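Written below as structure tokens is the structure these notes are about.
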Amino acid sequence: MPFFLVWFFLWIPVLATATDLPLGNATDYLLPGRPTRLDYASLDPHTHLLFIAHLGDGHVAIFDTLNHKVMGDLSGIDRVHGVLAVPELGRVYASATGTDEIVVIDEATLRITGRIPGGVYPDGMVFEPHTKRLYVSDEHGKTETVIDTQTNRKIATIALDSEAGNSQYDSTTGHVFVAAQSSNAWIEIDPQHNTIIARHPIPGCDSPHGLLIDSSQHLAYIACQDNQRLITIDMRTMQSIASRETGPDPDVLAADPSLKRLYVASERGALSIFTLDRTTRLIGHGEIAHNAHVVTVDTTTHRVYFPLMNINGHPVLRSMEVLPYLQSCSCPPTQKHN
């Protein structure tokens, strides 16, 4: 095919060293391609396929978490940053900043089926289930690109007047939220009309980027890159109720609701684990590997996955099992913020 190739790749497990975290039994699975930068990952819990953005190679690697093997490597997605599996559509969307477009992947065939204009430097994405629209953070264009997934066409561009971080959907309000990283706020969008409802400031947060919403508890967690903080917000009042220190340059957040764990991966390789609740208590902090800025959780098995750029000259996917909370850990200080 003209735009992609699917390569099947043998996996080779490599045992990794344990960390000082409530995680253990680490296994590294070799990923195809060169030891170049890896970015977002997204898991389809129904098919057990984990899609990994291999930014430096312009590929999306596909890993079977049930059988522990690489299923394919999809090329032709130039400088892929974001990747999002949408199980109800049977599709995966990938943001290609090299061509400023959103690439549509059919999950059943692992083939590219469409390409959609994505603004300027499209990055993170979220699916809004009621309108069946995809919201794309256009980081450098300072907009939110809205795509109708029924037609796979761009239908709106929402001016944010700020560089866009991650986007998330809140099932309680039915609204989409975007981290506004150059204005130290987060923006609330009405997906029915694609209009901005409010801009909520985030005191004590410098460059908000990572965002995770726990609708069941009316909580939002925002990672602040420039001052390495995790801010917890009560979404009923839109007030900050906790501020915690993370590793330097925090990026991706992931949650395991049944275990009440929140994972915060940092660009320089540190992982911080907090309780997924209003207290946001630190329960573990330690090093994973250099550039371990992406974390994904399989909420069925509770295994935690880290795409790693370069381990002994190879890109790998590190899989780790959950252990009980540490009784003590050498953790950074935490601080309450009201």
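What the table shows:
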read-out	value
Some residue of the range 35-48 being small (Gly, Ala, Ser), within 26 Å of Asp251 (Cα to Cα), surrounded by 19 or more Cβ atoms within 10 Å (Cβ to Cβ) and modelled with pLDDT under 95	no
Tally of residues being over 17 Å from the mean Cα position of the chain (by Cα), closer than 18 Å to Asp57 by Cα and either part of a loop (DSSP other than H, G, I, E, B) or polar (S, T, N, Q) (or both) across the range 90-119	4
Filter pass, Leu211 being more than 21 Å from Phe127 (Cβ to Cβ) and within 17 Å of the chain's Cα centre (by Cα)	no
Number of the exception - Lys260 against (1) charged (D, E, K, R); (2) surrounded by 24 or more Cβ atoms within 10 Å (Cβ to Cβ); (3) at positive phi	(2)
Those residues of the range 188-206 which are within 23 Å of Arg244 (Cα to Cα) and buried (at least 19 other Cβ atoms within 10 Å of the Cβ), in sequence order	Ile202, Cys205
Residue tally, condition touching a strand residue (DSSP E or B) at 6+ places or on another chain (Cβ under 7 Å), crowded, with 22+ Cβ neighbours inside 10 Å and not β-branched (Val, Ile, Thr), over the range 56-71	3
Where a residue in the range 276-305 is without any contact (Cβ under 8 Å) to a residue 24 or more places away in the chain and its partner, wherever it lies, is part of a loop (DSSP other than H, G, I, E, B), with Cβ under 7 Å and at least six apart	His290/Gly269
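The values are calculated or read from the model by the stated rules, or taken from the named source; none is laboratory data. Here the structure is a predicted model, which is why all the values come from computation and not from measurement. Heads up, the Cβs are rebuilt from the backbone with ideal geometry, glycines too, and the neighbour counts pull from every protein chain shown.
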